[in-house]
Structure formats: structure tokens, C-alpha cells
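Down below is the structure, laid out as C-alpha cells.
Each value in this text was obtained by applying a stated rule to the coordinates, not by laboratory testing. Keep in mind the model is a prediction, meaning the values are calculated, not measured. Every residue, glycine as well, gets a Cβ built from its backbone with ideal geometry; the counts of neighbours run over all protein chains shown.
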Amino acid sequence: QVQLAESGGGLVQPGGSLRLSCAASRSIFDWKTMGWYRQAPGKQRELVAAIAGGGLTHYADSVAGRFTISRDNTKNTVYLQMNSLKPEDTAVYYCKADTVAGGYWGQGTRVAVSS
């Protein structure tokens, strides 16, 4: 069993920044992909950003150029740096790990962008 714990969410003004962290309960160096998803009220969960084991990254069009995903295998942690935040970025953000044994989700961290 793998546990993922997100942190770093909160309330921020438009144009501000936040960095989300996803700490895994065990080593992530051999995991296939780790990603950040978000779910806004009344909407489906969507992929925000993903990073593969080799470092290849993918971003949703809505966040490309503003968000950066990274991973630190020594700390078993994946990060999502979010800059130039907009009200439409308001959502619960979830971390997901895709491993050879299956997919695992964290419990989510809430991000609210409002003035």
C-alpha cells in the first residue's frame, strides 16, 4: 500500500503563487508517472500536470507556462509550483501516482484564488 499526502494549499490572491507538495510513503524512483489533478465544484476531475520517470512533463493548456511540475526522488516528493494564479484555478488538487502495481490517489489539498 502506498500513501500520498498533499500539502501547500490555501487562499491566495489573483496573480499570486503557491507550491503544492505530494509526499509518498515510499520511494518513487521507479514509478511510471506522477501527476496533479484538480476538481472544481460541479466539474469533473481534470489532469493539470504530469511527470514521467524520465522527467518528461505534460501540462494542460490552461496552466502551461504558469505551472511547473517537478519531482525529488531523494525526498519521495512531487511538487507543483503554481504562478500567476487565476480565480479559475480554484479547486481541490489531488496527487496521483501510477505504478506497476496500480494507481494511487492522495486526499487532496484545497486551493482558493480570490481577492
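Summary table
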{"item": "For region 72-78, 3J(HN,Hα) per residue [Karplus equation, 6.51 cos²θ - 1.76 cosθ + 1.60, θ = phi - 60°, Hz, x = Gly/Pro]", "result": "10, 5, 6, 10, 6, 9, 10"}
{"item": "Phi to ³J(HN,Hα) by Karplus 6.51 cos²θ - 1.76 cosθ + 1.60 over region 28-38, Hz, x for Gly, Pro", "result": "10, 5, 9, 7, 5, 8, 10, x, 10, 10, 9"}
{"item": "For the chain, alpha-carbon Rg and Dmax in angstrom", "result": "13.3, 43"}
{"item": "Largest to smallest principal axis extent of the C-alpha atoms in region 8-69, angstrom", "result": "36, 24, 24"}
{"item": "With at most 16 other Cβ atoms within 10 Å, longest stretch of the chain clear of loop trypsin sites (Lys or Arg not before Pro) (DSSP)", "result": "76-115"}
